[in-house]
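The structure under discussion appears below in the form of structure tokens.
None of the figures in this text is laboratory data; all of them are computed from the coordinates on show. As the structure is a computational prediction, the values presented were derived from the model and not from experiment. Cβ placement follows ideal geometry from the backbone for every residue including glycine, while neighbour counts extend to all protein chains displayed.
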Amino acid sequence: MRKSILFVGLALIIASCGESPKKENKGFEVTRKKEVAKTEASSSEVPVDLSNIGLGPITSYEFSASVDTDLAEKGKSIYAGKCTACHLVDRRMIGPALKGVYDRRSPEWVLNMLLNTNEMLQKDPIAKALLKEYNNALMINQNLSEDEAKAVAEYLRTL
């Protein structure tokens, strides 16, 4: 009988030691927000340089005054199939968030990153800084054609 009471008492003590799941979630959210803020603050190491066109076949590119919706739809489909494993629209993931990318990078740089990924990661100062910022997680060359890259670039304008 004593053993039974002792066992039940011990089980109650063990069960009451942890926090409730609700509290754990709140604690996780607070911790996660701090980590995100800390990580986002460190992104200042990557320069914003709209004059850098990168390395690759695109030496000059200008968007039309308005978004080409058909081209952007094609780009959205390519983005969904090839980019979303590493890039979210508005949050960091394995790679940077792409919303507002043209506030940080020139269209030529974006296109060259899509078309000439390996050389960009090896030689371009911004690509190298991004590689360092994202723990050396290499962007995989998706072997896009120039037309496909331009479609993705057009889609990125809509974000």
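Of (1) closer than 20 Å to Glu45 by Cα; (2) of a type outside the set (Phe, Trp, Tyr); (3) within 15 Å of the chain's Cα centre (by Cα); (4) buried (at least 18 other Cβ atoms within 10 Å of the Cβ), Arg91 satisfies all except one. Which?
Status for Arg91: all satisfied but (4).
Only one residue in Glu133, Glu154 is under 19 Å from Glu45 (Cβ atoms), surrounded by 15 or more Cβ atoms within 10 Å (Cβ to Cβ) and charged (D, E, K, R). Which one? Spell out the reasoning first.
Numbers: Glu154 fails: under 19 Å from Glu45 (Cβ atoms).
Unique residue meeting the criteria: Glu133.
Select from region 113-128 the residues that are in a helix (DSSP H, G or I) and either touching a helix residue (DSSP H, G or I) at 6+ places or on another chain (Cβ under 6 Å) or of a type in the set (Asp, Glu) (or both) and list them in ascending order.
Selection gives Met113, Leu114, Leu115, Glu119, Met120, Leu121, Ala127.
Restricting to region 67-88, name every residue that is assigned to a loop (DSSP other than H, G, I, E, B) and either of a type in the set (Gly, Ala, Ser) or surrounded by 13 or more Cβ atoms within 10 Å (Cβ to Cβ) (or both). Even if it seems obvious, please write down each step before you answer.
Pass one, region 67-88, residues assigned to a loop (DSSP other than H, G, I, E, B): 67-68, 83-88.
Val67, Asp68, Cys83, Ala85, Cys86, His87, Leu88, listed by residue number.
Yes or no: Ala97 free of Cβ contacts under 8 Å to residues at least 12 places away in the same chain, closer than 21 Å to Asn141 by Cα, surrounded by fewer than 14 Cβ atoms within 10 Å (Cβ to Cβ) and under 16 Å from the mean Cα position of the chain (by Cα)? I'd like the intermediate steps shown before the answer.
Details: free of Cβ contacts under 8 Å to residues at least 12 places away in the same chain: yes; closer than 21 Å to Asn141 by Cα: yes; surrounded by fewer than 14 Cβ atoms within 10 Å (Cβ to Cβ): no; under 16 Å from the mean Cα position of the chain (by Cα): yes.
For Ala97, the condition - free of Cβ contacts under 8 Å to residues at least 12 places away in the same chain, closer than 21 Å to Asn141 by Cα, surrounded by fewer than 14 Cβ atoms within 10 Å (Cβ to Cβ) and under 16 Å from the mean Cα position of the chain (by Cα) - is not met.
When you go through Gly54, Gly95 one by one, which is the residue that is of a type in the set (Gly, Ala, Ser), at positive phi and in a loop (DSSP other than H, G, I, E, B)? Don't jump to the end; show me each part of the working.
Details: Gly95 fails: at positive phi.
Result of the check over Gly54, Gly95: Gly54.
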